[in-house]
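*Asks:* I have a structure I would like to understand better, so I am pasting it below and will then ask my questions one at a time.
Since every read-out is calculated from the coordinates, none of them should be taken as a lab result. Quick caveat, the model's predicted, so the values are computed rather than measured. Positions of Cβ are backbone-derived with ideal geometry, glycine not excepted, and every protein chain shown enters the neighbour counts.
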Amino acid sequence: MSTTLALALTGLALLDSTSFGTLLIPIWLLLTPGRVRTGRIAIYLATVAAFYFCVGVLLVLGAGAALEAVREAFADVPPTHLRIAQLVAGVAVIAWSYRLEARARSRAGEPGRLQRWRTAAMTAPEGEGVGGRGVRGLMSLALVATTLEVATMVPYLAAVGLIANADVTWQVTGGALAGYCVVMILPAVLLGAVRIAAHDRAEPVLRRINDWFTRNSAKAVGWTVGGIGIGMALNAAITLLAEPG
């Protein structure tokens with residue numbers, strides 16, 4: 001593998017490391033007051049890396065042909081109809097975000113279900129957790145987060161394309177994918193190390209941040225969902241207006 005390719009993959013992996021599943025959720029887990037369960041964080045990050053690796057292997061093996069089949073299935077549908085469907089879906093997502101925010105206001109100040117689940121999963125003794133499934137819950141969270149991000153894996157898709165077109169052996173391909181996944185979770189690992197090393201000094205700050213998240217995380221979910229809906233609707237509307245005739 002050339003140095004240029006290695007540097008390109010490293011840059012894409014670092015860009016991927018800032019996503020919701022690879023950085024924001026780990027930070028949220030690290031904000032749990034009390035002793036950090038490094039094993040639990042490791043399980044989450046390992047699940048994320050393994051999922052990305054498996055997706056990369058499938059793409060290299062030709063799973064992209066399945067996506068092409070989907071595109072062909074919709075080839076006869078007029079683009080205008082698809083954009084109208086996207087616009088309707090975007091408006092529906094915006095409406096849903098208002099419902100989420102209204103529910104958040106009605107429960108202002110209460111620890112939400114996610115906060116209670118996080119505390120149980122991250123602080124319960126080994127083998128316990130939410131219904132005795134703390135570790136499995138963390139793995140499920142990792143799989144859900146990464147599955148939702150599949151459609152937006154632009155850096156990873158670009159990296160897989162570079163690897164696939166590099167004309168390298170399967171051993172090098174597997175090593176490149178594995179290395180990409182390691183670099184991708186590296187910032188979260190480093191943040192975890194800082195959290196452990198500065199435990200006493202960081203604890204008061206983390207408690208204040210955690211309290212803020214407890215009060216506002218549900219609202220943030222509504223804002224995030226609304227932003228996604230606005231993006232979908234605007235993209236569809238702009239495309240429809242730009243189409244000739």
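*Asks:* Set the Förster distance to 30 Å, then compute FRET efficiency between Ala75 and Thr4 from the Cβ-Cβ distance, nearest 0.05. If you can, show how the numbers build up before the last one.
*Replies:* Values: r = 36 Å, r/R0 = 1.21.
That gives a FRET efficiency of 0.25.
*Asks:* Starting from the Cα of Leu15, step 7 Å toward the Cβ, then list every residue of segment 165-197 with an amide N under 19 Å from that point.
*Replies:* 165-166, 176-188
*Asks:* Could you check the simple spin-label distance between Val189 and Val144, using points 7 Å along Cα→Cβ, in nm with one decimal?
*Replies:* Label-label distance for Val189 and Val144, simple model: 2.7 nm.
*Asks:* Also, quick follow-up: Which part of segment 160-191 falls in the paramagnetic zone of Ala197, meaning amide N under 15 Å from the point 7 Å along Cα-to-beta-carbon?
*Replies:* 187-191
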